[in-house]
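Student: One structure is given below, represented as structure tokens, and several questions about it will come after.
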Amino acid sequence: MNVTQKILSAHLVSGEMIPGSEIAIHIDQTLTQDSTGTMAYLQFEAMGIPRVKTEKSIAYIDHNTLQTGFENADDHKYIATVTAKHGVYLSKPGNGICHQVQLERIGKPGKTLLGSDSHTPTGGALGMIAIGAGGLDVAVAMGGGEYYLSCPSVVNVHLTGELPRGVAAKDVILELLRRLSVKGGVGKVMEYTGPGVATLSIPERATITNMGAELGATTSVFPSDEVTRAFLKAQGREGDFIPLCADEDATYEETVEIDLSSLVPMVALPHMPDNVKTVEEAGQIKVDQVCIGSCTNSSYLDMMRVAAILKGKTVHPDVSLVIAPGSRQVLSMLSKNGALHDMIEASARICETACGFCIGMGQSPSTNAVSVRTNNRNFFGRSGTKSAGIYLVSCETAAATALTGVLTDPRQVDADLNVDMPESFLYNDNLIIPPVSEEEAADAVVVRGPNIKPFPQASALEENLGGKVLLKMEDNITTDHIMPSDSSLLPFRSNIPKLSEHCLAPVDPTFPARAKEAGGGFLLAGQNYGQGSSREHAALVPLYLKIRGVLAKSFARIHRANLINNGILPLEFVNEADYDRFDQEDEIALENIQALIASGAEIVPVLNKTKGFAIEAKLPLTDRQRRMILAGGLINLTRMG
Ligand code: MIC
Ligand code: SF4
């Protein structure tokens, strides 16, 4: 067996491990973060389970940390009090970005982790199966319920050689994105093997598994080896180590070969992570801003390399350099060993250990700016400045670029980039607050601010569905298009009515008003609809706007699950060319849809009443998904028992 099969089969609750068929697995650990967490805990409360049943569940506060009004602080208070009551640990704001802290302090080889954040697969660096999902799926897992997924096929990413100086783990994953695209990993686990694995430290592996999310992969995983042991030991957690690697005769559905020594620095150009060129090909683009940090590139190793490049130099006068170390542990070590001093003296602006600029929480660039960043997504508008272009690179490329003011190949920089992994990290868990005991829980009060509004719930599927195509969209529409999330909107993650005023506005600002006026309808989309974030809001808000179905060429994994969990039909064209036969405003109908779905039909007719023809759409649902759609979503199904 390969590593993926070993972990999945050890956690299998039902189904057969045949790629494409539905399996249910037991979840050992869960994580939430604050921007998806408020909704996940509201849903957990709605399920009426007193205490979580996982080995460890933890709530991070790392996204909405810019407190410009009462809303975010109120959400933090709600999360702090609801988690304490129900047996969940709390990582306070300031402790760091969920994925970085999970890696340092919580993750364990061989375990399963479900997180309400699409970059949860970062944990795969430690040899765990770590999967991102919607908040409702995570709430169910916290309650001890299994997690249902389509059994992935496993891709062997076979690594040979060693990364040359100045070439980073980020360049490995950018190369994979260049080759495979943002939908190349859909339905797959990327499993890393080969002699190159041992040359990569845990933070380097984590950069690769983190950004596997951008491939659309279910998750990514490395074996657990002596490098893993050394990392856990340096975190004071050697007891959590178990060795785990693929059997010699393990088989894979596909193999991708990467010779690490042949790689060069890469960059993803606006506005898609797979729009990748070599830094050399991209040329000397003039840069206005450089941001270093995010869950992809904010480890101690990353930051030490950045400090080495900046030491004794000054950032180019036209560049604003922003650095956000990924965790309190990293920041604390940098402040102790003097590397922070080197950054500050080079004129870096140091931000708190949080998602920050990566999710548009501050540091929005100027009009038409070129912003070079180490994060994982450069989707249109995500930085908070629509006219800016975001370029994704490694920490080394970012730091070198900050000095020269133009996109720069870090191999040209004169600095010692050899950073030794510490034998002992400065770990301290005093920002991780344990829940109250079971006895105290009954009296523990959950504090809810006025910004927390009830969430919409679907009702059982109607006999017939009809309505207009309210919006026709292209390929690769992201959840940042569907439910934008910058610093002005993130405070409203527990206020769906308010968010609905901005739904799909980056595609068409008139959409929210039109959808409300029409009293609902349908959406039409191209390939990979809903890629990106795990945010369930991208389904809850359309539900609130009475969107009955999305007719697309294909869907991204987490978003499709979120639509079904909320009773919205994910319909796929049987014949992709039919997409061109539909226009915005066309009136469509799904007649007898309830009976068809109940009878198990996987192909349903979609009538274009305006143009007078019918086409076929696929609706491949598992038994459970079918019951969910008929009941009007997962909460209704759970209530029905
Ligand atoms: C993101 O990177 O897009 C986020 C913000 O972390 C999201 C979660 C969210 O929308 O709250 C994700 O990746 O799932
Ligand atoms: Fe936070 Fe950005 Fe990572 Fe999302 S991708 S978890 S916003 S740092």
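The values are calculated or read from the model by the stated rules, or taken from the named source; none is laboratory data. Just so you know, these numbers come straight off a predicted model, no measurement behind them. So basically every Cβ, Gly included, is an ideal-geometry build from the backbone, and we count neighbours across all protein chains shown. For accessibility, only protein heavy atoms count, side chains too; no ligands or nucleic acids. Shrake-Rupley method; radii C 1.70, N 1.55, O 1.52, S 1.80 Å.
Student: Scanning region 552-600 for residues that are of a type in the set (Lys, Arg) and closer than 24 Å to Asn636 by Cβ, which turns out nearest to ligand 2 (Cβ to nearest atom)?
Tutor: Here the answer is Arg557.
Student: For region 57-99, how many residues are under 24 Å from Thr296 (Cβ atoms), charged (D, E, K, R) and open to solvent by 30 Å² or more (accessible area, probe 1.4 Å)?
Tutor: 1
Student: Still on this model: When the residues of region 262-295 are narrowed to those that are of a type in the set (Ser, Thr, Tyr) and open to solvent by less than 60 Å² (accessible area, probe 1.4 Å), which ends up nearest to ligand 2 (Cβ to nearest atom)?
Tutor: Ser294
Student: Further, regarding this structure: Would you mind telling me which numbered condition in (1) touching a residue at least 24 places away in the same chain (Cβ under 8 Å); (2) within 19 Å of Cys98 (Cβ to Cβ) Phe70 fails?
Tutor: Every condition holds for Phe70 apart from (2).
Student: A follow-up question, please. What about Gly212, is it modelled with pLDDT of 95 or more, on the phi < 0 side of the Ramachandran plot, under 19 Å from the mean Cα position of the chain (by Cα) and surrounded by fewer than 24 Cβ atoms within 10 Å (Cβ to Cβ)?
Tutor: When the stated conditions are applied, Gly212 does not pass them.
Student: Mind listing whichever residues of region 350-380 are away from ligand 2 (no atom under 13 Å from the Cβ) and either farther than 20 Å from Asn95 by Cα or more than 26 Å from the chain's Cα centre (by Cα) (or both)?
Tutor: The answer is Ser364, Pro365, Ser366, Thr367, Asn368, Ala369, Val370, Ser371, Val372, Phe380.
Student: In contact (Cβ under 8 Å) with a residue 60 or more places away in the chain, among the aromatic types (Phe, Trp, Tyr) and under 27 Å from Ser9 (Cα atoms), is that true of Tyr89?
Tutor: no
Student: Please count how many residues of region 222-252 are assigned to a loop (DSSP other than H, G, I, E, B) and open to solvent by 40 Å² or more (accessible area, probe 1.4 Å).
Tutor: Going through region 222-252 one residue at a time, the tally reaches 9.
Student: Considering only region 570-587, I want to know if a residue exists there that is modelled with pLDDT of 95 or more and under 23 Å from the mean Cα position of the chain (by Cα).
Tutor: yes
Student: Same structure again: Restricting attention to region 275-314, which residues are more than 16 Å from ligand 1 (Cβ to nearest atom), of a type outside the set (S, T, N, Q) and closer than 24 Å to Thr209 by Cβ?
Tutor: Correct list: Val276, Lys277, Val279, Ile292, Tyr300, Leu301, Asp302, Met303, Met304, Arg305, Val306.
Student: May I ask you to list the residues in region 131-186 that are buried (at least 24 other Cβ atoms within 10 Å of the Cβ), in contact with a His (Cβ under 9 Å, 6 or more places away or on another chain) and outside any helix (DSSP H, G or I)?
Tutor: Across region 131-186, the qualifying residues are Gly132, Gly134.
Student: Give me the pairs, please: first residue somewhere in region 31-52 and among the charged types (D, E, K, R), second residue anywhere and assigned to a loop (DSSP other than H, G, I, E, B) and within 16 Å of ligand 1 (Cβ to nearest atom), beta-carbon distance under 9 Å, and either six or more positions apart or on two chains.
Tutor: Cβ pairs passing all conditions: Asp34/Ile61; Asp34/Asp62; Asp34/His63; Asp34/Asn64; Asp34/Thr65; Asp34/Pro93; Asp34/Arg493.
Student: Residue check: is Glu204 within 19 Å of Tyr300 (Cβ to Cβ), of a type outside the set (Phe, Trp, Tyr) and open to solvent by 10 Å² or more (accessible area, probe 1.4 Å)?
Tutor: Yes; evaluated as a whole, the condition is true for this residue.
Student: I'd like the full set of residues that are open to solvent by 10 Å² or more (accessible area, probe 1.4 Å), of a type outside the set (D, E, K, R) and out of contact with any Gly (no Cβ under 8 Å at 6 or more places or on another chain), limited to region 555-590.
Tutor: Listed by number, the residues that qualify are Val574, Asn575, Ala577, Gln584.
Student: Shifting gears a bit: Taking the criterion of being out of contact with any strand residue (DSSP E or B) (no Cβ under 9 Å at 6 or more places or on another chain), open to solvent by 10 Å² or more (accessible area, probe 1.4 Å) and more than 16 Å from ligand 2 (Cβ to nearest atom), would at least one residue in region 30-42 satisfy it?
Tutor: Yes, region 30-42 has at least one match.
Student: So, in region 333-366, how many residues would count as being aliphatic (A, V, I, L, M) and within 15 Å of ligand 1 (Cβ to nearest atom)?
Tutor: 3
Student: So how many residues does region 477-514 have that are more than 16 Å from ligand 2 (Cβ to nearest atom), of a type in the set (S, T, N, Q) and at pLDDT 95 or above?
Tutor: 2
Student: Shifting gears a bit: Looking at region 417-445, which of its residues are closer than 30 Å to Pro497 by Cα and open to solvent by less than 30 Å² (accessible area, probe 1.4 Å)?
Tutor: The one that is closer than 30 Å to Pro497 by Cα and open to solvent by less than 30 Å² (accessible area, probe 1.4 Å): Ala444.
Student: Are any residues in region 223-264 in contact with a Gly (Cβ under 7 Å, 6 or more places away or on another chain), small (Gly, Ala, Ser) and within 17 Å of Met421 (Cβ to Cβ), and if so, which ones?
Tutor: Ser224
Student: What number goes with the only condition from (1) away from ligand 2 (no atom under 16 Å from the Cβ); (2) touching a residue at least 60 places away in the same chain (Cβ under 8 Å); (3) among the polar types (S, T, N, Q) that Ser298 does not pass?
Tutor: (1)
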